[in-house]
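**Q** So that we are looking at the same thing, I have put the structure below in structure tokens.
The values are calculated or read from the model by the stated rules, or taken from the named source; none is laboratory data. As the structure is a computational prediction, the values presented were derived from the model and not from experiment. In this analysis, Cβ positions are derived from the backbone assuming ideal geometry, glycine residues included, and neighbour counts consider all displayed protein chains. These accessible areas exclude ligands, DNA and RNA; they are computed on the full protein's heavy atoms, side chains included. Shrake-Rupley method; radii C 1.70, N 1.55, O 1.52, S 1.80 Å.
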Amino acid sequence: MTEVGPGRRFRLLRGAHRTLTGLSPAFESVLAGLVGLLVGAAIMYIWGYDPWRAYFALLRGAYGGSYEWASSVARGVPLVFTALTFSICLRAGMFNIGAEGQLYIGAVAAVTVAMFKLPSGLHLVVGLVFAALAGAFWSLGPAILKLTRGVHEVISTIMFNWIARFLVFYMVAYVLVDPHQAQRTIAIPPTARFPVLIRGTDLSYSVFLAVTFALFVYFLLWHTATGYEVRAAGFNPTAARYGGINIKRTVLLSFLLGGVGAGLAGASVVMGLPPTYAIISGLPQLMNVGFDGMAVAMVGRNHPIGILLAALFFGGLNAGGRVMQFYGANPVPLEMVRVVMGAIVLAMAIPELARMLPATLRALQGLKRLFERRPHVQEGAK
Amino acid sequence: MLALLALPVLAGQQQLKGRVAVVLDVGGRGDLSFNDMGFKGTDEAARDFGLEMIEVQNATAADYLPNLRNLARTGQYDLIICVGFLLGDALSQAAEEFPNQKFAIIDSVVDAPNVMSIVFRENEMSALIGALAAMAAAYHGYPAAGMVLGIEIPVLYHFEAGFRFGMDWGLKKYAEVTGETPDVKLLYTYTGTFSDIAAGKAATEAMLAQGAVGVYNVAGPLGIGDLEAISEYHENAGTEFGPPYYFGVDANQDWMGGGKHGLASGMKRVDIGCYTAVKSVVEGTFKGGVISLGLAEGGVGISKVQDLVDFIQFGIDGGSITCDDFYPIMANWARNRATLPCWIWQAVDELEAGILDGSISVPTANTVEEMQAIRAEYTLGAP
Amino acid sequence: MGDRQSAYFLKAEGITKVYSDGTVALRDVDLEVRPGEILGLLGENGAGKTTLTKILSGLLPPTKGRVISPRGPVRFGSPREALDFGIGMVHQHFALVGTFTAVENVALSHERPFTPLHLEETRRKLERLMEESGLRVPLDVPVEKLAVGEQQRVEILKVLSRDVDLLILDEPTSVLTPLEVDELFGLLRRLRDEGKSIILITHKLKEVGAITDRVVVLRKGELVGDFKTAEVSTEQLAQLMVGRPIETELGRPVELAEEPLPRRLSRAKEGVAHTGPGVLHVEDLVVRGDTGELAVQGVSFDVYAGEIFGIAGVEGNGQTELVEALTGLRPAVSGKATINGVDVLGKDPREIYRLGVAHIPEDRWKLGLVLPFTLAENAILGVHRWEEFRGPFSILRWRRINAHVRNLMERFDIQATGPNAPAKSLSGGNQQKLIVGRELAKDPAIIIASQPTRGLDIGAAQYIRDILVEMRNRGRAILLVSADLDEVLALSDRVAIMYEGKFMAVAAPEELDRETIGMLMGGVAVEGRS
């Protein structure tokens, strides 16, 4: 065969991709998970730890009993929201990595309810609405930049993440600061907290909100004309335009809905996770919840139901991982635990990453073409 | 040194399980100050008393409470030590849920019968550093002394209050000895962070530009940035020793940067706090409540020759410096200290003695109001 | 390097090319490329011109036959090997890095991976080349800032800098202004006089006469003529290029089942006179192409109810842009277009569909379908907001949709496992039937069909054609754009021939003979027509 070099390489890539994606999803996930566990075990073995005992600790710490289950679920709750943020936008053809920043802003908005009094329940709802609106508001920036100036969302969301980060640093240090405990903001009063579901655990009623939101997103995307438009635009923007779908509308909608998700993620952390119910300076509870959500989304195959399962898995890794630190005679230090977690997550995300790549590239090219035509649009309108 | 303090222990009055846990804050190991000191003190106590020690780190602040719960649930630990005020909220919750578990916390007060709260009188050592800085500035003809602080939390008010008192005392002493009345201002900044090293550097640069004789680091890792700014200042000026100086905190940081610029450190012996807590459990004297450690208890202090020797050894053991660095650091440090006359060092000793015998009482502050009162009393150049 | 002494530089013998999907692109073609000669390669779309040049330049291996040089058979592993041998090709779409300068682009094309770029050497070489060839381009401006003609010159310089003996140009004039065309031709003549071989791929008859020494005509994969340009007339070439009509059974009525299409479809419009504004009325429409050129340059026509109005012409002469402008996918620069009297320019596709427009797009993968979607999801593209499919809160009524899809599958004979089969699992013919079914279900007043049978097997193509005729018979207006001349001529009641953004003629098919059509398609105006 006479074939150009790059072409041949691309074909090889596509072949590998087809092999990877041809498997049944469940089998594929299990296989990927096993590979991840094996790699993690190898790493621990090389560094002189006992992988067998460590994994036993992980499993017991994650799903060994009702306390462990509750901890795992509680860890997974914020991740459900941020994973949905990423997935909604990916379904709409965009690589939105702004959940991190929107989450910070949402958390700050939720904390502001500590400044006034409302009856129990209503106070909580007001906090959630604040957080959702704030998250959506923060996603508006990248959305508008994309729609009016064609700024790529990866660039703009990264920038907005940084702006959010420092803005929230400022808010925490100077505006919402607790005068008695300057390392954190004022705490959200009990009237606006998610009640703890199982005493003595971190699990609060926020889990129901997470499940509801996931089901809502599923219903919206697969059972309404609006969601249909979002998905069509995501897969093939040119065909969507041909089908009379307003791409700008789907872009805006998915950004906003993603922002709502991220805002709720922030609320679920500060209103739903004991004991602080406040943002600590340096945002140590919020840091990376947005980015971890992307990994959850990929393991959950960007489907709301898959995301619920993946979040449970990630929550388990998180809850069980920390038990690895103090289990047995030669416990695994946290740094090593995180390396092992990284290996498992990466292995589980690879199939979906491989699947996403061509689709994302296609969608990006399509969108690029669409927005490149903009100048002519204005000309034609004259 | 700590080993000398340990008494041979027979099986305690109560049945010991033989295990202690130390929970570090998100800063984690390797900060060469707070967390490392907490680890060191617990580790030494565990070895001296023949206990098994376990170290638990936290990836995020959301892990504090689950980790405390996980440890307490096992019921296998004689004592769980929380290093740092950031764990305060989580500990008050966990202490309530596990009333039979003994806890200790460094730097924060948790009001529960099963929690030993260990706090330090940082104002006392800061007064010594303040006096030294003020006299050094006056001696070298510098118009100011600097202080780079972290987040404006009550613990840091102890430092500021002590430093202000110390500067005031030092200036009076200087006037008394030399007959001149020096005009030395205090420059201080709350950077709002305990982790952004660049913020420390920037704040220090600004203070040096305004003529600060040195800066007192009251923000943990930010000291690395402070020292960097000071070293660059020396490079640009072509000087090797002398002002501007670096004043370390928590651990003895005099040896950092080859010992050239670290004049003295306000040491806060977190290790001794942890050691004390473990010891009390082993000896059966553990009880809830606040334990305050100051100069008298050896919980705080200003760095001396012997401390430097110990800490260089600590650094060599930890692998951050080698044995070959020992004498060069000692030599540099000695040359740097020699840039001040002996009487100033003696004056600092005098202040220390005064605090120890109770003839001098260093004020402190725990709230904004108290802090403002002290700022009003010791204005140090502020209008 | 080729041997200048022999009579030929490269010879193709008995080349047959069958693509993996069974398409026969070339059938037993012999061709001789001689030094010091400009060879025109003439043919319609799909005649095999590009395939032949790709085989000559080593991009594709022939299925049968061989390419030989005076030194023996040649076989290239890559275009680079072909370049080393002395064969360079300038494609229609330039292979330039937009943010690089001409020097950088040329240097880049010379280098192997992981070797440094020799920019200074390249610059000296380019300056010498520009001196010799008279071909001037700014060397230090990023090429994306250059005019299209200048970019093409960079491409040519890039190839010339490799000291090629055979230069292949694929439709080089399609992007150039007339002045730039003159300059290009001057250059080509100079190169010929230096002894180089040049192959010019074109469908423009004028160009063949103006520049070539010899001309080869390809039709449907076969070489149907090889002449000295001076010895052949434009009329002859036109006729050869278009060929004799192939006898196909067209226009027979089709059975569309008892209650054929959704109820609203069986309403026929009758007795509409072919005067005054038609269902579709277009006046002086001007539209820009992707690169900003005027792709449609003032076109006016009407499509009346009960007729098929065909647009013939070689692809790339503005048909795509015309259709896109009418369906709201591309803005117009000026002019007017109405459907049933309502202005459509500046409206979005959804508003235009509401006027009763069905659009069978030319690219069913890019435009017509969302391939990862299921059959059912694709069947409602564009009608997904219709009340039949959408309940309160914009909830999709999947049961009704699935029923609708089963109905379509039955009526349009779509072979698929069910409504939930992914569209990409369907064959091309079934995909096209799905699109046609979906569009006709809109009960359109006008059907705009662009290349509706491209790439389909004979049976499916025939089926689609039959449906179009049936819809015409039921009184719909149909605008048919096709590069398949036989199809346009057989189906259309009136036909327009489009060349470079303009209609060369509008007439009933029987009024035009093949020769005239070939001339018009090649851009040669015929007496008495405008």
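**Q** Where the centroid of each part is defined by its Cα atoms, how far is the range B:325-373 from the range C:106-183 in Å?
**A** Spelled out, the Cα-based centre of one part sits 76 Å from the other.
**Q** When the helix-only estimate is applied to chain B (DSSP H runs of n ≥ 4, each -39,500 (n - 2.57), divided by the residue count), what is the mean residue ellipticity at 222 nm, nearest 500 deg cm²/dmol?
**A** That comes out to -15000 deg cm²/dmol.
**Q** Residue by residue through the range C:131-137, what is 3J(HN,Hα) from phi via Karplus (6.51 cos²θ - 1.76 cosθ + 1.60, θ = phi - 60°)? Round to whole Hz and write x for glycine and proline.
**A** 4, 5, 8, x, 8, 10, 9
**Q** Ignoring ligands, DNA and RNA, how do A:R241, C:R438 rank by accessible area with a 1.4 Å probe, largest first?
**A** Largest accessible area first, the residues go A:R241, C:R438.
**Q** What dipole magnitude, in Debye to the nearest 20, does chain B give about its Cα centre under +1 on Lys/Arg Cβ and -1 on Asp/Glu Cβ?
**A** 400 debye
**Q** Could you work out the mean count of beta carbons from other protein chains within 10 Å of each residue's beta carbon in A:180-187?
**A** Neighbouring Cβ atoms belonging to other protein chains average 5 per residue here.
**Q** What are the extents of the Cα atoms of chain A along their three principal axes, listed from largest to smallest and rounded to whole Å?
**A** 63, 55, 35
**Q** Follow-up question, since we're still on this one. Rounded to a whole number of µm²/s, how large is the Stokes-Einstein D of the range A:131-247 at 25 °C and 0.890 mPa s, given Rh as the Kirkwood radius over C-alpha pairs?
**A** Result for D is 135 µm²/s.
**Q** How large are Rg and Dmax for the protein assembly as shown when only the alpha carbon atoms are used, in Å?
**A** 40.5, 124
**Q** Still on this structure, I have one more. Tell me what chain C gives for mean residue ellipticity at 222 nm when only DSSP H runs of n ≥ 4 count, each as -39,500 (n - 2.57), the sum divided by the residue total, rounded to 500 deg cm²/dmol.
**A** Theoretical 222 nm ellipticity from helices: -9000 deg cm²/dmol.
**Q** From the phi of every residue in the range A:255-269, what ³J(HN,Hα) in whole Hz does the Karplus formula 6.51 cos²θ - 1.76 cosθ + 1.60 yield, where θ is phi - 60° and glycine or proline is x?
**A** 4, 5, 5, x, x, 4, x, 5, x, 5, 4, x, 5, 5, 6
**Q** Check C:A305: other-chain or 5+ apart residues with amide H under 5 Å from its amide H, H built from backbone geometry?
**A** Counting only residues 5 or more places away or on other chains, the set is C:V279.
**Q** Still on this structure, I have one more. Can you give the FRET efficiency for C:R406 and A:F219, using 1/(1 + (r/R0)^6), R0 = 25 Å, r = Cβ-Cβ distance, to the nearest 0.05?
**A** Rounded to the nearest 0.05, the efficiency is 0.55.
**Q** Would you report the distance distribution of C-alpha pairs in the range C:471-530 as whole percents per 5 angstrom bin, up to the bin with the largest distance?
**A** Calculated P(r), rounded to whole percents: 4, 17, 31, 25, 13, 6, 4, 0.
**Q** Taking all pairs of distinct Cα atoms, average 1/r, flip it, and tell me the Kirkwood hydrodynamic radius of the range C:275-521 in Å to one decimal place.
**A** With all distinct Cα pairs of the range C:275-521 included, I get 18.4 Å.
**Q** Excluding same-chain residues fewer than 8 positions from B:K102, which lysines have a Cα within less than 24 Å of its Cα?
**A** B:K17, B:K40, B:K268, B:K279, B:K287
**Q** Using all alpha carbons of the range C:48-199, what is the percent of pairwise distances in each 5 Å bin, ordered from the shortest bin to the longest?
**A** Answer for the range C:48-199: a P(r) of 2, 9, 18, 21, 21, 15, 9, 4, 1, 0 percent.
**Q** OK, next. Once the Cα atoms of helix B:326-337 and of chain B are each reduced to a long axis, what angle between those two axes, in degrees from 0 to 90 to the nearest 10, is obtained?
**A** Helix B:326-337 and the main axis of chain B meet at about 50 degrees.
**Q** Per Stokes-Einstein, at 4 °C and 1.567 mPa s, what whole-number D in µm² s⁻¹ belongs to chain C, with the Kirkwood radius over Cα pairs as the hydrodynamic radius?
**A** Estimated via Stokes-Einstein, D reaches 51 µm²/s.
**Q** While we're on this one: I'd like the per residue volume of the convex hull spanned by the Cα atoms of the range B:225-383, given in cubic angstrom.
**A** 178 Å³
**Q** Along each principal axis of its Cα atoms, how long is the range C:284-398 end to end? Whole angstroms, biggest number first, please.
**A** Extents along the principal axes: 45, 32, 28 Å.
**Q** What shape does the range C:1-134 have by the C-alpha gyration tensor, where a ≥ b ≥ c are the square roots of the eigenvalues, rounded means a/c under 1.5, and otherwise prolate means a/b greater than b/c and oblate the rest?
**A** It is prolate, given that a/c is not under 1.5 and a/b is the larger ratio.
**Q** Tally Lys/Arg at +1 and Asp/Glu at -1 over every other residue whose Cβ is under 10 Å from the Cβ of C:T99; what's the total?
**A** Neighbourhood net charge equals -1.
**Q** Based on the inverse mean of 1/r over its pairs of different Cα atoms, what is the Kirkwood hydrodynamic radius of the range C:457-500, in Å?
**A** Result for the range C:457-500, one decimal place: 11.3 Å.
**Q** What do you get when you divide the Cα radius of gyration of the range A:188-324 by 2.2 N^0.38 Å, with N the number of residues?
**A** For the range A:188-324, the normalised Cα radius of gyration is 1.23.
**Q** Then there's this: Positive end of the dipole of the range C:275-521, charges at C-beta (+1 Lys, Arg; -1 Asp, Glu), about the Cα centre: which of C:I395, C:T327, C:G310 has its Cα farthest in that direction?
**A** Result: C:I395, furthest along the dipole toward the positive end.
**Q** Could you please report the charge total around C:E487, scoring K, R as +1 and D, E as -1 over all other residues with beta-carbon less than 10 angstrom from its beta-carbon?
**A** Net of charged neighbours comes to 0.
**Q** Under 18 Å from the Cα of C:K196, which lysines turn up, not counting those fewer than eight places away in the same chain?
**A** Leaving aside lysines fewer than 8 places away in the same chain, those within reach of C:K196 are C:K11, C:K158, C:K228.
**Q** In the range B:37-62, what residues drop by 40 Å² or more of accessible area when the other protein chains are put back, versus the chain on its own? Use 1.4 Å, and skip ligands and nucleic acids.
**A** B:I54, B:Q57, B:A59, B:A61, B:A62
**Q** So what's chain B giving for Cα Rg divided by 2.2 N^0.38 Å, two decimals?
**A** My calculation over the Cα atoms of chain B gives 0.99.
**Q** Report the local net charge at A:G328: Lys and Arg +1, Asp and Glu -1, summed over other residues whose C-beta lies under 13 Å from its C-beta.
**A** +1
**Q** Per residue of chain A, what 222 nm ellipticity follows from adding -39500 (n - 2.57) for every DSSP H run with n ≥ 4, rounded to the nearest 500?
**A** Value at 222 nm, helices only: -24000 deg cm²/dmol.
**Q** Rank-order A:120-129, A:91-100, B:51-60, C:226-235 by packing density, defined as the average count of other C-beta atoms within 10 Å over each peptide's residues, highest first.
**A** So the peptides A:120-129, A:91-100, B:51-60, C:226-235, ranked by packing, come out A:91-100, B:51-60, A:120-129, C:226-235.
**Q** Excluding same-chain residues fewer than 8 positions from C:K17, which lysines have a Cα within less than 21 Å of its Cα?
**A** Filter leaves C:K49, C:K54, C:K64, C:K220.
**Q** Going highest first, how would you order C:476-484, B:232-240 by mean Cβ packing within 10 Å?
**A** C:476-484, B:232-240
**Q** What number, in nm² with one decimal, is the all-direction average of the projected area of the convex hull of the alpha-carbon atoms of the range C:134-252?
**A** Taking a quarter of the hull surface, the average projection is 10.5 nm².
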